[in-house]
1. Going by average Cβ density within 10 Å per residue, which order do the peptides 340-350, 228-238, 44-54 take, highest to lowest?
2. For the residue pair residue 244 and residue 3, what label-to-label distance in nm results when each label sits 7 Å from Cα along the Cα-to-beta-carbon direction?
3. Would you mind ranking 108, 133 so that the residue whose beta carbon has the fewest other beta carbons within 10 Å leads the list?
4. What translational diffusion coefficient, in µm²/s and rounded to a whole number, does the Stokes-Einstein relation yield for the stretch 279-353 at 4 °C and a viscosity of 1.567 mPa s, taking the hydrodynamic radius as the Kirkwood radius over Cα pairs?
5. Remind me, relative contact order of the stretch 279-353 in percent, using alpha carbon pairs under 8 angstrom and six or more residues apart?
6. Once you've got the GNM for the chain with C-alpha springs shorter than 10 Å, pick whichever of 216, 42, 150 has the biggest mean-square fluctuation.
7. Over the stretch 189-304, consider all pairs of different Cα atoms and compute the Kirkwood hydrodynamic radius from their mean reciprocal separation; express it in Å, one decimal.
8. Please compute the contact order of the chain in relative form: average sequence separation of alpha-carbon pairs under 8 Å and at least six residues apart, divided by the residue count, as a percent.
């Protein structure tokens, strides 16, 4: 099993560890609810160095990216990032990712840890024009500094003008004396903050400096458990749960990153699906009876007939109620619709709502 460059720090902090995507990763330190609250009200730091990073460069790099991703990368200029996804020949989602325009002919794709090899082979398959590809995943550390005080803390460590980095924009600057750190105004929590990409050998130094700077602000280390509850409150999809190779971007509510102004893998199939309408949709729901929905539980109509299934579910720490996401037949997908969730052979009532569940402020 692989470890991140911060593994010894996690162990010294007494983190509860678990295998995830081939890595030994921290699930929690002080407890999921405590870490969740730190991100919503103060600041939390996640080690997400298990994520994959590929660099594509050369004059044909943009053409390749346009061919394999659903969003329109031609809109990006150096310093801008974009949420997008890879599709297979049937229109299913190979992976969702963030694309960074590093320079005019140099791009970085940040992919899910479990999909690194699959994504690499997928991109390589379509690279017929000799675009230079480099997998820098094993040399790259990634910290997500998230929460209302993230900017205040990080600003103490860098000359970069963080106020001037708009959402889904980035810069490269010194952090804690370490040169050429990529500082990105992105995150997976809904509470604001930055993600910073750096070389492995600087990970411990920067982690320690961030925690020193954040001591007065209630900074806490956070694990995968809180990462999951935070993203679910925002209705952010998790690959392998809320989307996979058999779900299309349109079914997953990602029509906004699916641009038909260009041709990409299976774009004709998806264009037809858009015209005809999808047969199932990813929805958000909240429980109106006591019970926690889990992945794989049946979603039923009021008569108990299955209309779909749960893809993600939890007890929301911010809202103190059980929430979930899942796919249902399109006819049942409207907000306000009553659904039944089969929890341990009992049909408990829930209601479809318009996401996100959590709204800051």
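Any read-out appearing in this document is the output of simple, stated calculations on the displayed coordinates, not a laboratory observation. Keep in mind it's a predicted model, so treat the numbers as computed, not measured. Positions of Cβ are backbone-derived with ideal geometry, glycine not excepted, and every protein chain shown enters the neighbour counts.
1. On the way: 340-350: 17.0, 228-238: 21.4, 44-54: 24.0.
The densest-packed peptide leads the list: 44-54, 228-238, 340-350.
2. According to this spin-label approximation, the distance is 3.1 nm.
3. On the way: 108 22, 133 17.
Fewest to most other Cβ atoms nearby, the residues stand as 133, 108.
4. On the way: Rh = 11.7 Å.
Answer from the Stokes-Einstein relation: 111 µm²/s.
5. Values: 194 pairs, mean separation 30.1, N = 75.
Relative contact order of the stretch 279-353: 40 percent.
6. Top of the fluctuation ranking is 216.
7. On the way: mean 1/r = 0.0542 Å⁻¹.
That comes to 18.5 Å for the stretch 189-304.
8. Working: 824 pairs, mean separation 64.2, N = 361.
Rounded, it is 18 percent for the chain.
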